[in-house]
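Colleague: Submitted below is the structure of interest, expressed as structure tokens.
The values are calculated or read from the model by the stated rules, or taken from the named source; none is laboratory data. Just so we're clear, the structure is a prediction, and the values are computed from it rather than from any experiment. Neighbour counts run over all protein chains shown; Cβ positions are idealised from the backbone, glycine included. All accessible areas refer to the heavy atoms of the entire protein, side chains included, with ligands and DNA or RNA removed. Shrake-Rupley method; radii C 1.70, N 1.55, O 1.52, S 1.80 Å.
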Amino acid sequence: MSKGPKEAGMTLIVKTITRLTVGLILLYGIYIVTHGHLTPGGGFAGGVIIALSFIHLTLAFGKEVALKKLSKEGTSILDSLGALIFLAIAILGFTGGYFFLNFINKGVPFRLLSAGIIPLCNIAIALKVGAGLFAIFMGLVFLKILDKDKK
Amino acid sequence: MIYFLCMVLFAIGLYGVLRKRNLVKIILGLVIIEYATHLLFILIGYRMNGRAPILAEGEVIANIVDPLPQALVLTAIVISLGVTALVVSLAIRIYDRYRTFDITKIRRLRG
Amino acid sequence: MSILPLFVAIPLAGAFLTSLLGRRFKGLPDILSNLCTASLCVISIVSIGMVRGGSTLVYKLGGWMPPIGISLVLDGFSSFMLVTVNLVALLVNIYSINYMLRYTAKWKFYTLFLLMIAGMNGVVITGDLFNLYVFLEIAAIASYALVAFGIEHEELEASFKYAVMGSIASSFILLGIIFLYSYTSTLNMADIGRVLLDKGPGRIIGFIIPMFIFGFGLKAALVPFHAWLPDAHPAAPAPISAMLSGVLIKSLGVYALCRILFNVIGVGESLSLVLMFLGAISMVVGVFLAVGQWDLKRLLAYHSISQIGYVILGIGLGTPLGILGGLFHLFNHSIFKSLLFLNSGSVEYATGTRDLQKMGGLASKMPVTGTTNLIASMSIAGIPPFNGFWSKLIIIIAAVQAGRFGYAFWAVLASILTLASFMKVMKYGFYGKLNEAFNNIKEVPLFMRLSVVILAIICVAGGLLLLNGIFLEGARDVLLNGTKYAAVVLRAVK
């Protein structure tokens with residue numbers, strides 16, 4: 001099957017399935033992140049799943065499509081932003097006297113809105129991990145492409 | 001016994017790093033070493049007939065395995081992810097410069 | 001509000017802000033990172049005052065009590081290391097304003113640089129064993145990346161070697177931590193010390209100690225494990241060589257080794273012998289390898305191994321005088337070795353070569369670099385008025401007092417060989433006939449000169465620290481107290 005430059009990526013079957021599932025994968029990642037303090041999972045696992053949804057997109061459609069959704073600079077910014085949010089939460093703990101103090105009302109256990117700063121930390125970690133992992137993947141892929149061009 | 005197997009795995013990784021000449025195989029050896037360490041850490045936290053340390057609504061906490069190593073191993077895995085990514089990108093760059101993965105041919109530095 | 005978390009929080013904030021904004025605003029990374037390191041330097045000097053008289057500060061992260069939560073501990077030894085790390089970091093940072101213009105993407109450099117400082121400060125200040133491992137890895141990963149910063153053949157190869165060996169060392173450290181955890185069921189260093197005192201050292205301790213010695217010894221580049229250092233240090237950009245050689249191998253290697261062996265596990269007679277032997281062998285082997293080198297930075301890198309040997313020998317002696325000498329030499333070495341590496345960077349900046357055989361007569365063209373390099377060379381070789389002399393003298397006297405005449409002899413011999421090798425550097429590099437090719441080189445820019453001059457002044461004045469030694473004696477007392485550390489820290493929590 002000949003492919004034009006615009007039709008980079010895999011076959012029609014893969015593309016169709018991907019179109020259906022990518023959103024679900026992203027949503028599942030977000031679910032894992034937001035329920036990190038209740039069920040297994042959390043910022044890291046959820047972040048990996050979020051990154052996987054973008055990597056999935058890259059594999060199926062080629063890097064142009066994925067980079068249109070989330071550019072390389074965008075990942076870098078999100079990456080730093082995640083870390084800064086985490087640090088800001090930690091520093092805000094000083095309001096109660098301690099670095100990393102859990103300063104928000106802890107609420108009732110086993111509710112979605114409970115456990116003080118932990119869900120916020122999870123979100124920050126997810127941003128960091130998701131963007132970081134996607135950036136690592138893209139970095140390695142780009143390096144390889146650059147290598148091929150030189151040959 | 002099972003701890004001993006972890007050490008064997010560790011030794012296999014060490015063998016891979018020390019004896020192999022291919023950069024990719026060295027990286028694989030490194031990853032095996034890290035896995036062996038993480039596995040050992042998880043196993044040390046295990047208790048006989050223990051269950052996963054997850055707190056759910058309305059359940060009594062009885063005989064759970066030690067949760068601390070699991071949290072720490074997650075951190076260690078993230079660190080090893082970082083190291084592996086860095087080393088792989090270095091290997092790609094080295095291939096880009098030297099056109100080989102063989103460490104006997106990559107010898108600019110002496111002494 | 002305590003200043004303890006700031007040692008980690010400031011460089012981390014600086015690093016991520018740099019990576020967020022540095023791409024847009026050109027001048028920002030310089031200003032931001034210099035602000036960060038300057039403020040770190042100030043608060044680390046403030047911290048000396050806080051631990052005066054042997055007091056210990058413990059900070060509970062998140063308000064959790066130490067055996068459960070992570071604690072930060074500031075005592076004499078930590079504050080001594082913090083001053084060393086942050087002082088050198090500030091001066092190196094001033095230097096790199098001009099120097100790093102040679103490379104693209106300055107903001108990436110500053111991000112990694114600040115991350116490395118965050119890792120080192122974290123290692124020094126933490127009171128938790130696993131937290132120490134995490135910070136150690138942060139600093140180590142940043143340094144792997146920084147060694148490869150130039151992405152040329154040598155840099156990549158050196159960095160790969162360094163990364164592989166460094167990760168194996170980290171795995172060994174993690175194994176040691178795992179076994180210690182399985183024996184004591186706690187990760188807080190003070191608590192581990194307490195449990196070990198109660199339970200008595202089991203047979204497993206004999207298994208853990210070699211792992212720590214291997215792991216941290218590799219990070220500190222003691223001789224059987226030194227192979228990565230002579231490649232990695234010359235390959236890095238000069239400011240990073242200065243950081244690696246000046247403080248990284250000390251805070252990751254020497255500090256962590258001493259903290260764990262002396263304060264957590266406790267040093268016995270045999271362990272002390274092992275440390276002394278390692279110190280002496282790296283001292284002698286390092287200097288013998290250094291004498292034959294013609295590459296300026298590689299020569300300096302071998303001298304780092306040798307000087308670390310002095311530090312370990314002094315600390316391993318275990319007598320009050322020996323530990324004092326070792327720590328003083330640690331401080332002095334970080335000053336004059338960073339100065340030497342920065343000067344080698346200046347030479348490379350001006351002439352474009354690091355080969356001593358191609359240089360000659362540079363002192364007439366680059367007076368500041370020549371003079372400061374002379375001071376640093378005399379300091380490292382142990383010529384009387386400079387700081388290196390005093391610390392080496394103390395170590396040798398301590399060795400004689402402890403009855404270790406053999407080690408004292410080797411220390412003197414290594415010192416003489418150091419002198420010989422630096423005579424070579426000065427003769428071929430800075431005096432003698434000027435090479436024709438370098439007729440129109442110029443002295444390096446302002447900020448580079450500023451930072452080397454400050455370092456040289458510290459070199460000259462460093463001997464005065466002995467007179468007013470709160471700073472050194474606080475650190476020495478912590479190591480002398482040994483396993484009483486546990487009781488001290490646990491009391492400070494209450």
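Colleague: Please label the shape of the protein assembly as shown as rounded, prolate or oblate, based on the square roots a ≥ b ≥ c of the eigenvalues of the alpha-carbon gyration tensor (a/c under 1.5 means rounded; beyond that, a/b larger than b/c means prolate, else oblate).
Modeller: Values: a/c = 1.69, a/b = 1.24, b/c = 1.36.
Because a/c hits 1.5 or more and a/b fails to exceed b/c, the protein assembly as shown counts as oblate.
Colleague: Here's something else I'd like to know. Using the structure shown, select from C:Lys60/C:Lys106; B:Lys20/C:Lys424; C:Lys106/C:Lys161; A:Lys15/C:Lys108 the pairs with a Cα to Cα distance greater than 30 angstrom.
Modeller: Numbers: C:Lys60/C:Lys106 36 Å; B:Lys20/C:Lys424 40 Å; C:Lys106/C:Lys161 25 Å; A:Lys15/C:Lys108 37 Å.
Table pairs above 30 Å Cα-Cα are C:Lys60/C:Lys106; B:Lys20/C:Lys424; A:Lys15/C:Lys108.
Colleague: So what is the accessible area of the protein assembly as shown per residue, in Å², with the probe set to 1.4 Å?
Modeller: On the way: 30310 Å² over 756 residues.
With all protein chains present, the protein assembly as shown gives 40 Å² per residue.
Colleague: Now, a different point. At a 1.4 Å probe, what is the % contribution of carbon and sulfur to the accessible area of the range C:6-493? Display every interim value, and only then the final one.
Modeller: Numbers: 10270 of 14960 Å².
The value for the range C:6-493 is 69 percent carbon and sulfur by accessible area.
Colleague: Another question, then. Relative contact order of the range C:216-275: what whole-number percent is it, with Cα pairs under 8 angstrom and at least 6 residues apart?
Modeller: Values: 33 pairs, mean separation 23.1, N = 60.
Averaging sequence separation for qualifying contacts and normalising by length gives 38 percent for the range C:216-275.
Colleague: Using +1 on the beta carbon of Lys and Arg, -1 on that of Asp and Glu, and nothing else charged, what's the dipole of the range B:14-103 about the Cα centre, debye to 20? Provide the component values of the computation, followed by the final result.
Modeller: On the way: 9 positive and 6 negative charges, 136 e Å.
Using Cβ point charges on Lys, Arg, Asp and Glu, the range B:14-103 gives about 660 debye.
Colleague: Mind pulling the angle between the C-alpha long axis of helix C:205-220 and the longest principal axis of chain C? Nearest 10 degrees, somewhere in 0 to 90.
Modeller: Once rounded, one gets 20 degrees.
Colleague: Here's another thing I want to ask about it. Under the definition of Cα pairs under 8 Å and six or more residues apart, what whole-number percent is the relative contact order of chain C? It would help to have the intermediate numbers written out before the result.
Modeller: Numbers: 859 pairs, mean separation 92.1, N = 494.
Reported relative contact order: 19 percent.
Colleague: Along the charge dipole of the protein assembly as shown, pointing to its positive end and built from +1/-1 on Cβ of Lys, Arg, Asp and Glu, which listed residue (C:Gly176, C:Gly166, A:Thr11) has its Cα farthest out?
Modeller: A:Thr11
Colleague: Right, next: Count charges around C:Thr418 for me, please; just the other residues with Cβ under 13 Å from its Cβ, Lys/Arg as +1, Asp/Glu as -1. Before the final figure, lay out each step's value.
Modeller: On the way: positive: C:Lys337, C:Lys392, C:Lys424; negative: none.
Residues close to C:Thr418 contribute a combined charge of +3.
Colleague: Count charges around A:Lys69 for me, please; just the other residues with Cβ under 14 Å from its Cβ, Lys/Arg as +1, Asp/Glu as -1. It would help to have the intermediate numbers written out before the result.
Modeller: Values: positive: A:Arg19, A:Lys63, A:Lys68, A:Lys72; negative: A:Glu64, A:Glu73.
Value of the local net charge: +2.
Colleague: Continuing with the same structure: Taking only the C-alpha atoms, wrap a convex hull around the range C:6-493 and report its volume per residue in Å³ as a whole number.
Modeller: Working: hull volume 60.6 nm³, N = 488.
So the per-residue hull volume is 124 Å³.
Colleague: Using a 1.4 angstrom probe on the protein heavy atoms only, line up C:Arg298, C:Arg203, C:Arg491, C:Arg476 by accessible area, largest first. Walk me through the numbers on the way to the answer.
Modeller: Numbers: C:Arg298 20, C:Arg203 225, C:Arg491 160, C:Arg476 50 Å².
Heavy-atom accessible area, descending, gives C:Arg203, C:Arg491, C:Arg476, C:Arg298.
Colleague: Is the range C:419-461 best put as rounded, prolate or oblate by its Cα gyration tensor, with a ≥ b ≥ c the root eigenvalues, rounded for a/c under 1.5, and otherwise prolate when a/b is larger than b/c, oblate when not? Spell out each step's value before the answer.
Modeller: On the way: a/c = 4.14, a/b = 1.20, b/c = 3.46.
Since a/c reaches 1.5 but b/c is at least a/b, the shape of the range C:419-461 is classed as oblate.
Colleague: Pop out a list of residues from the range C:115-162 that are at least 50 Å² less accessible with all the protein chains around than in their chain alone; 1.4 Å probe, no ligands or nucleic acids counted.
Modeller: Buried on complex formation: C:Phe130, C:Ile141, C:Ile151, C:His153, C:Glu154, C:Leu156, C:Glu157, C:Phe160.
Colleague: Local charge sum around C:Val264 (other residues, Cβ-Cβ under 13 Å, Lys/Arg +1, Asp/Glu -1)? Walk me through the numbers on the way to the answer.
Modeller: Values: positive: C:Arg194, C:Arg259, C:Lys484; negative: C:Asp128, C:Asp191.
My count for the surroundings of C:Val264 gives +1.
Colleague: If you put +1 on each Lys and Arg Cβ and -1 on each Asp and Glu Cβ, how big is the dipole of the protein assembly as shown around its Cα centre, in Debye rounded to 20? List each step's numbers first, then the result.
Modeller: Values: 60 positive and 31 negative charges, 296 e Å.
Computed about the Cα centre, the dipole is about 1420 debye.
Colleague: Turning to a different aspect of this structure: Taking the Cα centre of the range C:6-493 as origin, work out the dipole magnitude from +1 charges on Lys and Arg Cβ and -1 charges on Asp and Glu Cβ, in debye rounded to 20.
Modeller: Details: 31 positive and 19 negative charges, 87 e Å.
The dipole magnitude comes to about 420 debye.
Colleague: Lys/Arg Cβ at +1, Asp/Glu Cβ at -1, dipole of the range C:160-315 taken about the Cα centre: which of C:Val195, C:Ser272, C:Ala238 is farthest positive-ward?
Modeller: In the range C:160-315, that residue is C:Ala238.
Colleague: Which whole-number percent gives the relative contact order of the range C:135-232, counting Cα pairs below 8 Å spaced six or more residues apart?
Modeller: Value for the range C:135-232: 34 percent.
Colleague: Tell me: how much accessible area in total is hidden between C and B, 1.4 Å probe, Å², nearest 100? Each step should come with its number before you reach the end.
Modeller: Numbers: alone 17770 and 8670 Å², together 23130 Å².
What C and B bury together is about 3300 Å².
Colleague: Given axes a ≥ b ≥ c from the Cα gyration tensor, I'd like to know whether the range C:81-154 is rounded (a/c under 1.5), prolate (a/b larger than b/c) or oblate. Could you put the intermediate results ahead of the total?
Modeller: Working: a/c = 2.98, a/b = 1.56, b/c = 1.91.
The shape class here is oblate.
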